[in-house]
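Just so you know, all these numbers are worked out from the coordinates, no wet-lab data involved. Quick caveat: nothing in here was measured; it's all calculated off a predicted structure. Every residue, glycine as well, gets a Cβ built from its backbone with ideal geometry; the counts of neighbours run over all protein chains shown.
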Amino acid sequence: MYKFTLALKNQLLSSLLITNDLRIIVTMLQPTSLILVCLLPSPRDLEIARLLGWYRIPLRTAPKVVAVDYLAFYQPSAFGERGGKIEFVAEVRGHELTTRGELLKDEADHLRAREEYYKIQIGGLEKLKEPVVAEKWKRISFLYTTGEYLLSAKSLNDLVVDGDERLLLWRSLRERAENEQLYKTDLPEADIPPEVLMVLLGIKEWNGESDGKRNA
C-alpha cells in the first residue's frame, strides 16, 4: 500500500483540503475546454491526485496530446460502489517527463521504475454535480471530449464527440500540442480518414473490460 510520509500537522491540513479540493465544479470549465478523460486505476491514485496534485501516464501508452485544459477521471471497478463512473475533474496546470521511480519513490524496485511517464500537474479536484455513469461502456484508456459535452453528459456515451465536430476537436488538440506541449510527438495532419480520427480521439477504446492497470 502507498504510504504518505506526512507529519501529523500536514494530516490536519489534508482534512481541510477535502472540503476545498472536492468542490462542486465551477465556471472555469468552459464549453470550449479541451478535456482528456482518463483511467484512475485505484482509490490510491485518487488520493495522489487530491493530496499531491498530479496524475501519471506511461509514455509508451500515452495519448498524443496531454496539453489539455482538464482531466476527467474515470473510476473503474476497483472503486467498488463508486466504480463505473466519472465523479471528478481537475484543471491541468502543466506537465513534465519523468520516471515511475521518481514519482513513486517507495516503489523503487518496481519492474517499471525506470520507464518514462508523463507527470500531469493538476489543480484541486472538482466534483461534478452529477456523476457521468458508464452504462454499457466498460473499458476506457483515454478519450478526448470538450466542456460542452461533459457539462451535459449523463453517461460516458454522451462524451463521444459526433460527426464533423471530431475533426474540429482534433484540429484544436493538434494546435494546442504544437504550441504548448513540451515533448513533441508525431501528430497526423488535420485531414485524416475517419477511422484514424476515431483512434486518435480514443473512441475505439470504448469497449470490453478495463483491468485498471493502464497507469500502473
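From the cross-link list LYS64/LYS129; LYS64/LYS136; LYS85/LYS136; LYS85/LYS127; LYS64/LYS119; LYS64/LYS184, which pairs have alpha carbons spaced over 18 Å apart? The partial results should precede the final answer.
Numbers: LYS64/LYS129 29 Å; LYS64/LYS136 26 Å; LYS85/LYS136 11 Å; LYS85/LYS127 12 Å; LYS64/LYS119 15 Å; LYS64/LYS184 9 Å.
Flagged as over cut-off: LYS64/LYS129; LYS64/LYS136.
LYS154: which aspartates and glutamates have alpha carbons under 12 Å from its alpha carbon, excluding same-chain residues fewer than 8 sequence positions away?
Within the straight-line cut-off, LYS154 pairs with GLU87, GLU130, GLU135.
Considering only C-alpha atoms, what is the centroid distance from region 25-102 to region 182-197, in Å?
What the calculation gives is 22 Å, centre to centre.
Net charge within 10 Å of VAL132 by Cβ-Cβ distance, Lys/Arg positive one each and Asp/Glu negative one each, not counting VAL132 itself? Don't skip to the answer; put the middle values down first.
On the way: positive: LYS85, LYS154; negative: GLU87, GLU130, GLU135, ASP158.
Overall, the nearby charge balance is -2.
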